[in-house]
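Worksheet: one structure, shown below.
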Amino acid sequence: MSDNTNNPQDLSSNEKIKMSSNALRGTIAESLTDEITGNIRPDDQPLVRFHGMYLQDDRDRREERAAKKLERLYSFMIRLRLTGGFLSGDQWIALHHIAGENSTGTLKITTRQTIQLHGVLKTKAKPTVKAFNKAGLTTLATCGDINRNVICTAHPKQSPLHEQIFELAKEITAMLLPKTHGYYEIWLDSEKIADTKLEEDLLYQDRYMPRKFKIALAIPPNNDIDVFGNDLGLIAVIEKDKLKGFNIVIGGGMSSTHGNPEHYPRLASELGYVDVTKGKENLLKAVYEMLTIQRDYGNRADRKKARLKYTVDKYGIPWWKAELEKRAGFALEDIKPYTFNRRKDYYGWEQNHEGLWYYTVFVENGRVLDTDSLKLKQALLEAAETGKVNFRFTCNQNVIISDIKPEDKAQIQEILEKYKIIEHTNKASTIRANAMACVALNTCALALAESQRYLPSLLDKVEGLLEKHGLSDEEMIVRMTGCPNGCARPFIAEIGFVGTALGKYNMYIGGDRVGTRLNKLYKESLEEPQILGELDGFFAAFAKKRKKGQGIGDFLHQEYCQ
Amino acid sequence: MLSAAKHKILEEISASFTRQELIWAHGFISGALARQGESVLQALPAEKKLSATPDERNNTYSGQVISAINLNDIGSAKETHHIEILAEDALYEPGDAISFIEENGYAGDTPQCYLIASSPEAHSGELHITVPGHGLALQEGASVKFRIHKNEQFRLPDDEKDLIMIGPGAGIAPFRSFLAQRDAVGASGRNWLFFSEQNFVSDFLYQTELQNWVETGSLTKLNVAFADDHEEGFSLSDALFRQGPSLVEWLKNGAFLYICAGEAALAEEINNTLATLLTIHLRQSETEALAYLEELKSDGRYRIESPASAPLMLVA
């Protein structure tokens with residue numbers, strides 16, 4: 001089979017923009033200096049994503065500003081690359097101040113273990129990237145058709161081998177960065193590259209990936225990173241505290257379109273196992289060639305069909321295995337047994353194998369900010385300023401104050417108590433502590449409905465229902481997104497809500513607790529009273545009929561999805 | 001301190017004009033004064049109510065406010081009201097001004113003149129003004145009576161002439177009229193607008209209209225200065241400096257140069273900046289540069305206006 005997917009005349013407009021972009025430069029520099037608009041040129045919009053930012057606008061303000069003869073209130077969302085969600089204490093301090101000066105001030109922990117800032121005006125974009133760079137942080141390739149932030153099971157207590165796997169994630173990140181020098185020229189005022197051979201990109205060539213590419217490394221038995229929701233998942237196989245290798249799963253992805261069966265969420269499929277006991281080279285080779293295959297065979301005509309999951313379904317797993325073995329030059333072994341038994345964060349204090357302490361803070365929808373009732377941002381700043389902590393972000397949008405020596409724990413505890421962070425984390429209900437919502441309105445251009453601004457108030461009411469049915473302590477994974485692209489992975493929740501219009505949500509039920517089964521569309525375009533009515537019925541039935549130890553996702557699957 | 005010459009001119013016109021009229025009139029008499037080597041911008045009289053009322057015979061119109069919006073967005077420290085008046089029979093040209101007849105009290109204690117911000121060609125049957133601050137309380141639906149004040153000294157140059165317009169803040173008003181008119185009639189001359197305000201997000205007056213004119217080519221160049229955008233501040237003069245070579249080039253090629261600034265000090269600063277640019281880019285001495293600007297004035301190619309607080313002059 002050859003590269004027969006893409007006739008040149010069928011290429012999507014994004015493909016043409018990438019190929020003629022001069023290594024992702026486009027006219028971004030000119031767009032930035034256009035002083036009469038906060039917008040950038042249309043062809044620079046897809047390109048600027050490769051530099052880690054999306055041009056958005058405040059959708060709440062469109063109408064009023066139009067009447068005032070003002071353009072839309074444009075600003076950038078700027079996303080960092082934090083492999084495995086790690087940030088040093090000093091970097092947190094820098095980030096805190098950059099956010100305060102150049103953005104809305106809110107630090108948003110994403111569903112893929114990194115931080116993004118919203119509301120960065122065009123004139124502030126370059127100073128922001130420069131300030132990041134000074135703090136040793138980059139935004140390169142955190143959006144766009146390229147390998148995104150590489151995520152990794154967050155909590156170091158998960159395994160004595162956590163650090164080893166985290167280092168591997170960093171190597172994968174480095175291997176898959178684009179070679180363009182344009183980022184440094186445009187944002188950091190580096191001199192223009194003398195010889196373009198120096199930025200020749202053997203992996204991405206001039207076309208990059210057909211679509212975003214997401215990689216995740218999981219350390220069982222915790223599936224906190226939702227490994228099956230990624231294009232490429234690596235599941236660590238550990239025997240007797242030794243890292244043996246990785247099971248490779250491919251073709252996961254959440255994005256879909258309402259009413260279009262051709263565009264669907266998919267869980268990653270098992271492909272094979274790679275041994276690493278004699279070195280990590282084969283694993284890195286397999287990862288690299290997985291991208292080259294998708295680069296060559298992915299659909300570049302229809303962006304809705306351009307993710308790896310469609311290429312997997314088109315060619316089938318046996319073909320993928322054979323093609324990968326051909327390109328990588330070694331045979332994959334059969335999948336090794338693995339078990340996941342949880343998919344959540346370890347709130348509160350935990351210790352790793354070396355005795356270092358970790359405190360996981362509950363951060364509702366990942367929004368780190370100061371409010372009248374909770375000074376979370378200030379508390380984290382003070383913790384950082386002790387010089388005795390690092391930070392790790394989780395795919396459930398929480399933060400772990402990390403790597404605290406036993407002798408420093410009391411000092412951090414004091415800060416957490418002073419700002420009532422411990423009380424805040426402890427009092428989060430079970431359902432809320434495991435819930436997630438995407439950004440949606442007012443800045444996401446794709447949003448059809450509210451998400452992070454709405455879920456907290458919906459949960460207030462759901463908590464009442466749970467109490468009514470005696471289910472307050474029942475673990476359940478509830479997720480909401482404002483559109484079917486699925487940033488908060490609603491299709492692998494036990495109960496998922498996906499916006500269809502303002503105030504209306506499709507309801508999905510029956511995913512399993514650990515994220516190995518997709519849920520199913522139960523009812524369409526429900527408004528809040530109907531949502532609460534359905535949940536009331538589910539909870540009543542669950543309380544009465546559940547089998548011992550059965551989770552709500554499995555129960556709903558059994559009762560309503562057969 | 002006022003010179004004898006200024007006193008004489010001011011005395012002559014004070015016989016029939018109010019103080020507001022005199023503020024406007026500085027532009028009108030600027031040529032004469034400047035030729036005597038003095039700044040007209042400091043020649044304004046002290047607070048003093050002068051007698052005489054303008055001619056009311058043939059220029060009184062009635063109209064209805066069909067739109068009144070604050071152009072500044074939430075978070076701005078400023079208010080600038082764009083007011084559209086339906087007045088089908090009002091006859092005016094770009095450059096003219098209006099004043100309201102204060103029978104209904106909406107015009108406040110000190111009636112003022114406003115340079116018209118609309119174009120009879122582009123906004124047929126309507127008359128728009130741009131009012132800084134909140135002194136003029138006009139609401140949608142209100143009936144108004146007003147006079148139109150001809151301003152023959154402040155007209156669009158011939159269609160083929162290039163025009164540089166410097167309109168900070170509400171000073172943009174007459175230039176919106178000029179640009180709309182030139183756009184509507186398809187004038188071939190190039191247009192260049194400088195605009196400045198405090199904040200890009202909230203204070204970019206008529207932003208979308210200006211962007212459209214840039215898009216269609218009616219506005220050849222648009223340069224802006226917003227103080228909040230730059231840590232060290234960024235003024236209109238900074239924007240002019242940045243465009244220095246091109247500005248001087250346009251002037252050498254015969255472009256007209258109009259300034260409309262609410263504050264006299266700002267107009268003076270712009271004038272000084274232009275002189276400095278001439279010394280730099282034409283290698284002129286300061287005296288030569290000032291003489292060059294005076295020559296432009298006497299040729300009618302250089303005008304300084306004020307958007308509001310204007311006098312009622314030359315009633316038709």
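Among B:G262, B:G254, which is on the phi < 0 side of the Ramachandran plot, open to solvent by 10 Å² or more (accessible area, probe 1.4 Å), of a type outside the set (D, E, K, R) and not in a strand (DSSP E or B)?
Numbers: B:G254 fails: on the phi < 0 side of the Ramachandran plot.
None of the other options fit; the residue is B:G262.
Here is a yes/no grid of residues against (1) under 18 Å from A:T83 (Cβ atoms); (2) open to solvent by 10 Å² or more (accessible area, probe 1.4 Å); (3) free of Cβ contacts under 8 Å to residues at least 24 places away in the same chain:
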| residue | (1), (2), (3) |
| --- | --- |
| A:I225 | yes, no, no |
| A:L232 | yes, no, no |
| A:K240 | no, yes, yes |
| A:G252 | no, no, no |
| A:T257 | no, yes, no |
| A:H263 | no, yes, no |
| A:R266 | no, yes, no |
| A:E270 | no, yes, no |
| A:Y273 | no, no, no |
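With the checklist (1) touching a residue at least 12 places away in the same chain (Cβ under 8 Å); (2) within 30 Å of A:I172 (Cα to Cα) in hand, flag the one item A:N7 doesn't pass.
Evaluating A:N7 over (1) touching a residue at least 12 places away in the same chain (Cβ under 8 Å); (2) within 30 Å of A:I172 (Cα to Cα) leaves (2) as the failure.
What about A:L459, is it outside any strand (DSSP E or B) and touching a helix residue (DSSP H, G or I) at 6+ places or on another chain (Cβ under 6 Å)?
Considered against the rule, which asks whether it is outside any strand (DSSP E or B) and touching a helix residue (DSSP H, G or I) at 6+ places or on another chain (Cβ under 6 Å), A:L459 comes out as yes.
B:L193 fails exactly one of the following numbered conditions: (1) modelled with pLDDT under 95; (2) within 18 Å of the chain's Cα centre (by Cα). What is the number of that condition?
All conditions are met except number (1).
Any residue at all in the stretch B:207-227 that's at the interface with chain A (Cβ under 10 Å from one of its Cβ atoms), buried (at least 17 other Cβ atoms within 10 Å of the Cβ) and at positive phi?
No, the stretch B:207-227 contains no residue that is at the interface with chain A (Cβ under 10 Å from one of its Cβ atoms), buried (at least 17 other Cβ atoms within 10 Å of the Cβ) and at positive phi.
Is it the case, given these coordinates, that B:L278 is touching a Phe, Trp or Tyr at 6+ places or on another chain (Cβ under 9 Å) and surrounded by 21 or more Cβ atoms within 10 Å (Cβ to Cβ)? Reasoning before the result, please.
Working: touching a Phe, Trp or Tyr at 6+ places or on another chain (Cβ under 9 Å): yes; surrounded by 21 or more Cβ atoms within 10 Å (Cβ to Cβ): yes.
Considered against the rule, which asks whether it is touching a Phe, Trp or Tyr at 6+ places or on another chain (Cβ under 9 Å) and surrounded by 21 or more Cβ atoms within 10 Å (Cβ to Cβ), B:L278 comes out as yes.
Of all residues being closer than 30 Å to B:S202 by Cα and open to solvent by 30 Å² or more (accessible area, probe 1.4 Å) in the stretch A:1-30, which is nearest to the other protein chains (Cβ to nearest Cβ)? Just the residue, please.
The residue in question is A:E30.
Consider the stretch A:348-391. How many of its residues are in a loop (DSSP other than H, G, I, E, B) and buried (at least 19 other Cβ atoms within 10 Å of the Cβ)?
Adding up the residues that qualify gives 3.
With the stretch B:89-206 as the region, which strands (runs of 3 or more DSSP E) entirely inside it contain at least 3 residues that are touching a residue at least 24 places away in the same chain (Cβ under 8 Å) and open to solvent by 10 Å² or more (accessible area, probe 1.4 Å)?
In the stretch B:89-206, the matching strands (runs of 3 or more DSSP E) lie at B:143-149.
Which pairs have Cβ atoms under 7 Å, sit 6 or more apart or on different chains, and link a residue in the stretch B:275-286 that is over 18 Å from B:N253 (Cβ atoms) to one that is of a type outside the set (D, E, K, R) and open to solvent by 40 Å² or more (accessible area, probe 1.4 Å)?
Short answer, once both residue conditions are applied: B:A275/B:L290; B:T279/B:S285.
How many of the residues in the stretch B:70-88 are away from chain A (no Cβ under 14 Å), closer than 18 Å to B:E126 by Cβ and not in a strand (DSSP E or B)?
Taking the stretch B:70-88 and keeping what is away from chain A (no Cβ under 14 Å), we get B:77, B:85-88.
Then drop every residue that is not closer than 18 Å to B:E126 by Cβ, which leaves B:85-88.
Filter once more, so that each one left must be not in a strand (DSSP E or B): B:87-88.
So the answer is 2.
Suppose we keep only residues that are surrounded by 15 or more Cβ atoms within 10 Å (Cβ to Cβ) and among the polar types (S, T, N, Q) within the stretch A:167-198. Which one would you say is farthest from A:L87 (Cα to Cα)?
The selected residue is A:T180.
For the stretch B:228-243, give me each residue that is among the acidic types (D, E) and either touching a residue at least 12 places away in the same chain (Cβ under 8 Å) or away from chain A (no Cβ under 12 Å) (or both).
In the first step, residues of the stretch B:228-243 are kept if they are among the acidic types (D, E); the result is B:228-229, B:231-232, B:238.
Once the filter is applied, which keeps residues that are among the acidic types (D, E) and either touching a residue at least 12 places away in the same chain (Cβ under 8 Å) or away from chain A (no Cβ under 12 Å) (or both), the stretch B:228-243 yields B:D228, B:D229, B:E232, B:D238.
Which of (1) under 22 Å from B:G63 (Cβ atoms); (2) in contact with a strand residue (DSSP E or B) (Cβ under 8 Å, 6 or more places away or on another chain) is the odd one out, the single condition B:A180 does not satisfy?
Single failed check for B:A180: (2).
Any residue at all in the stretch A:484-504 that's farther than 20 Å from A:N260 by Cβ and free of Cβ contacts under 8 Å to residues at least 12 places away in the same chain?
No - not one qualifying residue is present in the stretch A:484-504.
Give the residues of the stretch A:140-156 that are polar (S, T, N, Q) and out of contact with any Ser or Thr (no Cβ under 6 Å at 6 or more places or on another chain), sorted by residue number.
Once the filter is applied, which keeps residues that are polar (S, T, N, Q) and out of contact with any Ser or Thr (no Cβ under 6 Å at 6 or more places or on another chain), the stretch A:140-156 yields A:T142, A:N147, A:T153.
Out of curiosity, is A:A99 buried (at least 21 other Cβ atoms within 10 Å of the Cβ) and either more than 30 Å from B:I69 (Cα to Cα) or more than 12 Å from chain B (Cβ to nearest Cβ) (or both)?
Spelling it out, A:A99 is indeed buried (at least 21 other Cβ atoms within 10 Å of the Cβ) and either more than 30 Å from B:I69 (Cα to Cα) or more than 12 Å from chain B (Cβ to nearest Cβ) (or both).
For A:K130, all conditions in the list (1) open to solvent by 10 Å² or more (accessible area, probe 1.4 Å); (2) assigned to a loop (DSSP other than H, G, I, E, B) hold save one; what is the number of the exception?
(2)
Just to be sure I understand, how many residues within the stretch A:31-49 are touching a helix residue (DSSP H, G or I) at 6+ places or on another chain (Cβ under 8 Å) and away from every other protein chain (no Cβ under 11 Å)?
Adding up the residues that qualify gives 9.
Suppose the filter is within 30 Å of A:H263 (Cβ to Cβ) and open to solvent by 60 Å² or more (accessible area, probe 1.4 Å); does A:K314 pass it?
Considered against the rule, which asks whether it is within 30 Å of A:H263 (Cβ to Cβ) and open to solvent by 60 Å² or more (accessible area, probe 1.4 Å), A:K314 comes out as yes.
Please enumerate the residues belonging to the stretch A:248-280 that are over 26 Å from A:L332 (Cβ atoms) and among the acidic types (D, E).
Result: A:E262, single match.
Anything in the stretch A:72-94 that is within 14 Å of chain B (Cβ to nearest Cβ) and surrounded by 19 or more Cβ atoms within 10 Å (Cβ to Cβ)? List them, or say none.
A:L73, A:S75, A:F76
The values are calculated or read from the model by the stated rules, or taken from the named source; none is laboratory data. Remember, it's a predicted structure, so these values are computed and weren't measured experimentally. All Cβ positions, even for glycine, are placed from backbone atoms using ideal geometry, and neighbour counts span all protein chains on display. Side chains are part of the model used for accessible areas, which takes the heavy atoms of the whole protein and leaves out ligands, DNA and RNA. Shrake-Rupley method; radii C 1.70, N 1.55, O 1.52, S 1.80 Å.
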